[in-house]
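Report on the structure given below.
Bear in mind that the values in this text are calculations on the coordinates, not laboratory data. Since the structure is predicted, the reported quantities are computational estimates derived from the model, not experimental observations. So basically every Cβ, Gly included, is an ideal-geometry build from the backbone, and we count neighbours across all protein chains shown.
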Amino acid sequence: MHTSTTASVSTHILDTSVGRPAPGVAVRLAARPGREADWRPLGGSATDADGRCRDLPALPEGTTHVRLDFAVEAYFENRRAEARQDAPANRDSGPGVFFPEVAVTFAVLPGEHYHVPLLLNPFGYSVYRGS
């Protein structure tokens, strides 16, 4: 929960290669109180079956910058293993994921909520400020 003196953050991940949420992706949250300050790790969570992190830690008062780190490589490795079980004849022998980690850094203002969705596929990603 946020107050008028802090910002809050939420996120979700959609795997655009299959048109579904991406469950089980580890997400770490860090914050800093100015662009020259050191990052302070705040903890993390993992996406649920709907691709959402519903329990990210609260931001400390004075936060001006936030970083979300998404560990996507394990998600794609698990998805590839499941696909091989379902259809071994259609195996792709290429690299499993081009971006093994995605780091998204953004500025925040006190009292605002920032929903930052990640649209993901094995060879690219996109982010935006959602609602």
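In the chain, the longest principal axis of the Cα atoms and the axis of helix 73-86 are about 30 degrees apart. Measuring r between the beta carbons of ASP38 and ASN78 and using R0 = 30 Å, the FRET efficiency lands at 0.35.
Please compute the length gained on full extension between ALA103 and THR16, using 0.36 nm multiplied by the number of residues separating them and subtracting their Cα-Cα distance.
Values: separation 87, 0.36 × 87 = 31.32 nm, distance 1.81 nm.
Full extension from ALA103 to THR16 adds 29.5 nm.
Tell me the mean residue ellipticity at 222 nm calculated for the chain from its helices only (DSSP H runs of n ≥ 4, each -39500 (n - 2.57), averaged over every residue, nearest 500). Could you put the intermediate results ahead of the total?
Values: 1 runs with 14 residues, N = 131.
One gets -3500 deg cm²/dmol as the mean residue ellipticity at 222 nm.
Ranked highest first by average number of other Cβ atoms within 10 Å, how do 72-79, 31-38 line up? Can you show the working numbers first?
Values: 72-79: 18.1, 31-38: 12.6.
Ranking the peptides 72-79, 31-38 by packing returns 72-79, 31-38.
Taken over the chain, the percentage of Cα pairs per 10 Å bin, counting from 0 up to the bin with the maximum distance, is 12, 42, 28, 13, 5, 1.
Summing Cβ point charges (Lys, Arg +1; Asp, Glu -1) relative to the Cα centre of the chain gives a dipole of roughly 100 debye.
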